[in-house]
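In what follows, a single structure is set out as structure tokens and then discussed.
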Amino acid sequence: MNKTRGDGSIFSRLSSTHIVYLVALLTLAVGSVLVATAGRSFFSPGNISSILTGTSVLGFIAIGQTLVILIGSLDLSVPYVTSLASLIAAGVMANNSANVLAGVLLALGVSALIGLFNGLIVSGLKVHGFIATLGMGLIISGYLATNFKGSFGQTPFSFRLVGATGLGPVPISTLIMLACAGLAMLLLHRTRVGHQIYAVGGNPNVARMSGIRIQTPVITAHVICSVMAGMAGLLLASRLGVGSPTVGSQGGYDLLSIAAVVLGGTLLAGGKGSITGTLGGVLIFAMMDNIMSVMQVNPFLKDVVRGIVIVVAVAVYARRRIVNRPLRFGHDGHSRQEMPGTEEAREVRA
Amino acid sequence: MSRTLTPSDRSAVLQQNRAGRGERFLRALRTPGGAVFVLLVALLAAIIAVNPSFGEPNSFIRFIGRTAPIAIAAIGQYFVIVSGEFDLSMGSVVTMQVITAGNLIGDDDAKVIPVLLLMFVLGAFIGLVNGLVTTLLRVPSFIVTLGMMLALLGLVLFWTGGAAQGNPADSFRQIGRGGIEGVPVLEVIPYPVIILAAVAALAFWLMRRPYGRTLIAAGDNPTAAALTGAPVWWIKTRAFMLSSLAATVSGILLVGYAGVHPSVGRGYEFTAITAVVLGGVVLGGGRGWVLSAAAGAFALESLFTLLNFVGVQSTWRDSVQGAIIIVAVAAAAKTWQRKRKGTAAPAQEVQPPNKAEQSEHHNGTTAR
């Protein structure tokens, strides 16, 4: 660790977000070569469109997950919220265009309510986010398994268009996702609650002693996360034309979204990270998926590649984060050597 | 410590901490780790009230045998959680071991021992990789074991083509299925019960050894543990190895119990974490008793049995499990908070005023 201390090297001057996009660029380069050897073009409008489509569902969930992770919590209930939202939307719409607005609002409303409960349990009852949302996810999953045996409801044609059309090669769903990302960035960087999210995630005790009511940002983050999961559910309902009780859990969105967020350079312990990085992480996942589909990699091996990429990528940042912290006491005080330990203490809390 | 305390002083301090056996027992029951035993007894009583035949020694011992795999997994997960980490790869390790046994042993009795050894080596190796990547590369264990979970499951499914195949020799399946016949009262002692007892005893002993003490210290405050000279990286790595080895044992039992299928072991990591947390072990490390974790697994399993007997649809199992863990952890959070605020004060009042030094030391110990 001490060897990389030299602050002149280009590597240490890059922020995590830069690295994410460098990795994304690398994936792009490797992908275009690999896809070209398979005799197809990586940059054809069809392929670009399919990559972008792949980013949208995971993108929605990962944006919400970023907020929750930034505040030092986790959300494992997202896949079930996604399924529930798709069922509510398809059920309420019942193939009638007049009901689209009601379906969307109700689905998002229920999602927000679930997020509110998550936030209240985490901030009020002092239950670790991992357990609170795992429990909430299980509760919803029991409800889904009991009441829905298969796909349910139907979305009208006008609503299905949202998932099917695009501006040139860019699907509408991706544009909506990017708009949500923009809103989340505004929230994080321009509003009081956004700054509080970073403060509480960095150190809840210090935040509390500085006069921040911890409940507000925690609940806000959880509500937004669940609403985003609900948006993903709406998008899936629009794509499939029906609601499905297993669409979320089959996608494994809980763990994949956390992986995408961490891949995007956000600290799992909270307090440090960005939406931009998360979008990069989601893009890397989507490109990897696309490349492997084009190369016709065995679907089971895809998971192997994903797993290895996640760990390797995070290992790269994890080394950097230690180096990248500002010096507190001069240049070669022994306090420097305690940094890795402190860092470890932070990550353990995750 | 011995510098400031004469032996008579020390016995005075000890006297204050000493309560009657009964009182200490009751006090222990009020901690989250003790409360799980009360919960377990209550659940068992409820099951027997609904279905008296459950209380017969024969069916009760079979219940213990049925719960053994998840209890062993919970004990393994305990080591990792108490050291402040997560092991999400547990379910995939169980699946991998089940498939390995199914494919490599086949009908050949002679292969049982070598393949068993191979499975343990594989288990230890996976734990070693998890541990080293977590501690030396400083990747959060959540991510490391998540990656391991995806990669392992992918490899196993790729190997088998995603379908059930292979059927290990009967002698191997007997480990999870058979038992010692002809025991008075119980009729049969299933092997899983014996294995569980052995694993629990081993874990109990290990947690009283210096290793166990350091493990808890490393989970509570890794920086402090490192400053006292403990090799935190190697302690945590060994915890990951213990977890994977426990998953291996669960896998071996499950082969006999559930057969060979790639879906065996799915979701095991979350069930094990649930059981551990239900046992009052704190996520983030440093607090909790290993046998409470095993009791947590039993409480969870008896809850399912109870729901089953009462006639609740099995699909509601998840919901009940979810509600229970939230309530249990919320209650535990309240208790730990109260304990931290409460205990030191009354002991201080009884202290003779001229022994300020000693009272300080005394507070230091009780606050823990």
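The values are calculated or read from the model by the stated rules, or taken from the named source; none is laboratory data. In this text the structure is predicted, and so the values were computed from the model without any measurement. Positions of Cβ are backbone-derived with ideal geometry, glycine not excepted, and every protein chain shown enters the neighbour counts.
State whether one or more residues within the range A:123-132 are touching a residue at least 24 places away in the same chain (Cβ under 8 Å) and over 19 Å from B:Phe270 (Cβ atoms). Yes, that holds for at least one residue.
Output the residues belonging to the range A:267-283 that are more than 11 Å from every other protein chain (Cβ to nearest Cβ) and surrounded by 24 or more Cβ atoms within 10 Å (Cβ to Cβ). Quick ask: steps written out before the conclusion?
From the range A:267-283, those more than 11 Å from every other protein chain (Cβ to nearest Cβ) are A:270-283; that's our starting set.
Selection gives A:Gly270, A:Gly273, A:Ile275, A:Gly277, A:Thr278, A:Leu279, A:Gly280, A:Gly281, A:Val282, A:Leu283.
Which one of these is at pLDDT below 95, over 26 Å from B:Val327 (Cα atoms) and out of contact with any Phe, Trp or Tyr (no Cβ under 6 Å at 6 or more places or on another chain): A:Val104, A:Val122, A:Val100? Break it down into steps so the answer makes sense when it comes.
Details: A:Val122 fails: over 26 Å from B:Val327 (Cα atoms); A:Val100 fails: out of contact with any Phe, Trp or Tyr (no Cβ under 6 Å at 6 or more places or on another chain).
Step by step, each of A:Val104, A:Val122, A:Val100 is checked, and only A:Val104 is at pLDDT below 95, over 26 Å from B:Val327 (Cα atoms) and out of contact with any Phe, Trp or Tyr (no Cβ under 6 Å at 6 or more places or on another chain).
Filtering the range A:211-232 for residues that are more than 14 Å from chain B (Cβ to nearest Cβ), crowded, with 24+ Cβ neighbours inside 10 Å and closer than 21 Å to A:Ser50 by Cβ leaves a non-empty set.
Starting from residues that are more than 24 Å from the chain's Cα centre (by Cα) and touching a residue at least 24 places away in the same chain (Cβ under 8 Å), keep the ones in the range B:179-211 and report whichever is farthest from B:Ala110 (Cα to Cα).
Quick first cut of the range B:179-211, residues more than 24 Å from the chain's Cα centre (by Cα) only: B:180-188.
Then keep just the ones that are touching a residue at least 24 places away in the same chain (Cβ under 8 Å); that gives B:185-188.
Working: B:Val185: 35, B:Leu186: 32, B:Glu187: 30, B:Val188: 27 Å.
Out of the qualifying residues, it is B:Val185.
Wholly within the range B:220-285, which helices (runs of 4 or more DSSP H) include no fewer than the required count, namely at least 1 residues that are surrounded by fewer than 24 Cβ atoms within 10 Å (Cβ to Cβ), under 21 Å from the mean Cα position of the chain (by Cα) and at pLDDT below 90?
Details: elements: B:222-227, B:232-258, B:268-278.
Per the criteria, B:232-258, B:268-278.
Quickly run through the range B:150-165 and pick out the residues that are buried (at least 18 other Cβ atoms within 10 Å of the Cβ) and at the interface with another protein chain (Cβ under 7 Å from one of its Cβ atoms). Working first, answer last.
First, pick out the residues of the range B:150-165 that are buried (at least 18 other Cβ atoms within 10 Å of the Cβ): B:150-157, B:160.
The answer is B:Leu150, B:Ala151, B:Leu153, B:Gly154, B:Leu155, B:Leu157.
Inside the range B:102-214, counting only helices (runs of 4 or more DSSP H) that do not spill past its ends, which hold 2 or more residues that are among the β-branched types (Val, Ile, Thr)?
On the way: elements: B:112-135, B:141-160, B:170-177, B:191-208.
Correct list: B:112-135, B:141-160, B:191-208.
Being on the phi < 0 side of the Ramachandran plot and modelled with pLDDT of 95 or more is true for just one of A:Leu134, A:Leu113. Which residue is that? Quick ask: steps written out before the conclusion?
Details: A:Leu134 fails: modelled with pLDDT of 95 or more.
The unique qualifying residue is A:Leu113.
B:Ala297 falls short on exactly one of the conditions (1) within 14 Å of the chain's Cα centre (by Cα); (2) facing chain A (nearest Cβ under 9 Å); (3) not β-branched (Val, Ile, Thr), and that condition is (2).
Are any of the residues in the range A:147-166 within 14 Å of another protein chain (Cβ to nearest Cβ), in a helix (DSSP H, G or I) and buried (at least 22 other Cβ atoms within 10 Å of the Cβ)? So that I can check it myself, show each step before the final result.
Applying the first criterion (within 14 Å of another protein chain (Cβ to nearest Cβ)) to the range A:147-166 yields A:147-150.
From the residues that got through so far, the ones that are in a helix (DSSP H, G or I) too are A:147.
Subsequent filtering for residues that are buried (at least 22 other Cβ atoms within 10 Å of the Cβ) retains none.
No, the range A:147-166 contains no residue that is within 14 Å of another protein chain (Cβ to nearest Cβ), in a helix (DSSP H, G or I) and buried (at least 22 other Cβ atoms within 10 Å of the Cβ).
For the range B:41-55, a residue qualifies if it is among the β-branched types (Val, Ile, Thr) and within 24 Å of the chain's Cα centre (by Cα), and the qualifying residues are B:Val41, B:Ile47. B:Arg173 satisfies every condition listed in (1) of a type in the set (Lys, Arg); (2) within 14 Å of another protein chain (Cβ to nearest Cβ); (3) within 25 Å of B:Gly102 (Cβ to Cβ) except (2). For the range B:56-95, filtering for residues that are among the small types (Gly, Ala, Ser), closer than 17 Å to B:Leu303 by Cβ and over 18 Å from the mean Cα position of the chain (by Cα) leaves 0.
Taken over the range B:286-297, the criterion of being more than 12 Å from B:Ala71 (Cα to Cα) and crowded, with 24+ Cβ neighbours inside 10 Å is satisfied by B:Gly288 alone. When we screen B:Gly229, B:Gly147 for residues that are farther than 30 Å from B:Phe60 by Cβ, free of Cβ contacts under 8 Å to residues at least 24 places away in the same chain, more than 9 Å from chain A (Cβ to nearest Cβ) and out of contact with any Asp or Glu (no Cβ under 8 Å at 6 or more places or on another chain), the only hit is B:Gly229.
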